[in-house]
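Trainee: One structure follows; several queries about it will come next.
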Amino acid sequence: MLLGVTMIGISYPVWFECLKRLPAARASAFIYVTPVLAVVLSFLILGERFSWPFYLGGALVLGGVAVSTSLR
C-alpha cells in the first residue's frame with residue numbers, strides 16, 4: 001500500500017513535472033538516484049541502519065549523476 005501511494009501518488013507527478021521543465025535527456029539522469037532515495041526512506045520510515053557500502057555506493061551514484069548532468 002505504502003509503495004503504491006509513494007510511487008504513484010508522489011513520484012510520478014514529480015517526474016512528469018520535471019519532464020515539463022527539463023529536457024528528457026537531462027531529467028533521465030536523475031532516475032539513477034531512485035535506489036539512494038529508497039534507502040534513505042527506509043532509514044526514515046523503517047529505521048533501517050546504513051553500513052559503509054551504502055555510503056560508498058551512494059557517493060558513486062550521486063557523483064555519476066553530477067558528472068553526467070554537468071557534461072550536457
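FYI, it's all coordinate maths here, none of it is from the lab. Note that the structure is a prediction, hence the values are computed from the model and not measured. When we count neighbours, we look across all protein chains shown, and the Cβ atoms used for this are built from the backbone with ideal geometry, even at glycine.
Trainee: Residues of the stretch 33-50 with the amide nitrogen closer than 14 Å to a label point 7 Å from the Cα of LEU2, along Cα-to-Cβ, please.
Mentor: Residues 38-49 qualify, since their backbone N sits under 14 Å from the label point.
Trainee: Work out which helices of the chain, taken as complete DSSP H runs, extend at least 15 Å along their axis over the Cα atoms and score a mean Kyte-Doolittle of 0.5 or more, then list them.
Mentor: Details: long enough: 52-70 (27 Å, 1.19).
Span-like helices, by this rule, are 52-70.
Trainee: So, one more: Sequence-distant or interchain residues sharing an amide H contact under 5 Å with GLU48, placed H: which?
Mentor: Excluding prolines and chain starts, which carry no amide H, the hits are PHE43.
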